[in-house]
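Colleague: Quick one: the structure is below, and I'll ask about it shortly.
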Amino acid sequence: MRKNIIEIMPAIRSKGQSLFEVVIAIGIIGVVITAVAILATNSIRNTTFSRNKSLATRYSQEAIEWLRGQRDTSWVTFHLNAVNSAIYCLDSLLWTNVGACGAGEVITDTILQRQVTFSNITATSVTAAVAVFWSDSQGIHQVSTSTVYTDWRAK
């Protein structure tokens, strides 16, 4: 009878899990969950950055086209605005916001700020550089577009 109990005991011990095996399994599960969380966070951050960059490019082109329209409407007014101030904040597409964009001057329903800087101003041409920028947890980002406007009607 004693021999039968000893033979049965190893079989009983092998059916359960040791504390060491449980700790290792929990550790592996923790590493996997952490890796998935990091991947998801990076994916969301990259998607948000791409969306903001795409919007910034669109708003930059929109400002370039608006400036082109202003030039075509009246070269004199366009040239005068460029001479009067080298920088305009274009949170809304108006000539009213003179100077660099302040903290709260963003394009409606976005985190983007847009400003134009005029340079190389002559009687028949003006260079305009439009910058759209935003700030997030990764730092300050910017999309820039530049073009030269000329008084094409004078030629």
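Colleague: All but one of (1) among the hydroxyl-bearing types (Ser, Thr, Tyr); (2) surrounded by fewer than 12 Cβ atoms within 10 Å (Cβ to Cβ); (3) modelled with pLDDT of 95 or more hold for THR127, so report the exception by its number.
Modeller: Here THR127 clears every test but (2).
Colleague: I would also like to ask the following. Considering only region 82-96, how many residues are assigned to a helix (DSSP H, G or I) and either at pLDDT 95 or above or buried (at least 19 other Cβ atoms within 10 Å of the Cβ) (or both)?
Modeller: Keep residues of region 82-96 that are assigned to a helix (DSSP H, G or I), which gives 82-84.
Then keep just the ones that are either at pLDDT 95 or above or buried (at least 19 other Cβ atoms within 10 Å of the Cβ) (or both); that gives 82.
Residues flagged as assigned to a helix (DSSP H, G or I) and either at pLDDT 95 or above or buried (at least 19 other Cβ atoms within 10 Å of the Cβ) (or both) within region 82-96 amount to 1.
Colleague: Going by what's in this entry, would THR77 be described as farther than 25 Å from LEU112 by Cα and without any contact (Cβ under 8 Å) to a residue 12 or more places away in the chain?
Modeller: Values: farther than 25 Å from LEU112 by Cα: yes; without any contact (Cβ under 8 Å) to a residue 12 or more places away in the chain: yes.
Considered against the rule, which asks whether it is farther than 25 Å from LEU112 by Cα and without any contact (Cβ under 8 Å) to a residue 12 or more places away in the chain, THR77 comes out as yes.
Colleague: Sticking with this one: (1) modelled with pLDDT of 95 or more; (2) under 18 Å from the mean Cα position of the chain (by Cα): which one isn't true of ARG68, the others all being true?
Modeller: Looking at each condition in turn, ARG68 falls short on (2).
Colleague: A further question on this structure: Answer yes or no: is there a residue in region 107-118 that is of a type in the set (Phe, Trp, Tyr) and surrounded by fewer than 19 Cβ atoms within 10 Å (Cβ to Cβ). Explain how you work it out, then say what you get.
Modeller: In the first step, residues of region 107-118 are kept if they are of a type in the set (Phe, Trp, Tyr); the result is 118.
With the extra rule that they be surrounded by fewer than 19 Cβ atoms within 10 Å (Cβ to Cβ), the set shrinks to none.
Checking region 107-118: not a single residue is of a type in the set (Phe, Trp, Tyr) and surrounded by fewer than 19 Cβ atoms within 10 Å (Cβ to Cβ).
Colleague: Identify, please: which residue in region 38-67 is out of contact with any strand residue (DSSP E or B) (no Cβ under 6 Å at 6 or more places or on another chain) and within 13 Å of VAL116 (Cα to Cα) and is, among those, surrounded by the fewest Cβ atoms within 10 Å (Cβ to Cβ)? Spell out the reasoning first.
Modeller: Going through region 38-67, the residues out of contact with any strand residue (DSSP E or B) (no Cβ under 6 Å at 6 or more places or on another chain) turn out to be 38-51, 53-55, 58, 61-62, 65-66.
If we keep only those that are within 13 Å of VAL116 (Cα to Cα) as well, we get 61-62, 65-66.
On the way: GLN61: 14, GLU62: 16, GLU65: 11, TRP66: 15.
Ranking the candidates gives GLU65 first.
Colleague: Could you say whether any residue in region 118-127 is in contact with a Ser or Thr (Cβ under 7 Å, 6 or more places away or on another chain) and in a loop (DSSP other than H, G, I, E, B)?
Modeller: Yes, region 118-127 has at least one match.
Colleague: Give just the number: which of (1) at pLDDT 95 or above; (2) not in a helix (DSSP H, G or I) does GLN17 not satisfy?
Modeller: Of the numbered conditions (1) at pLDDT 95 or above; (2) not in a helix (DSSP H, G or I), the odd one out for GLN17 is (1).
The values are calculated or read from the model by the stated rules, or taken from the named source; none is laboratory data. The structure presented is a predicted model; accordingly, all values stated were derived computationally and were not measured. Here Cβ is always computed from backbone atoms with ideal geometry, including for glycine, and neighbour counts include all displayed protein chains.
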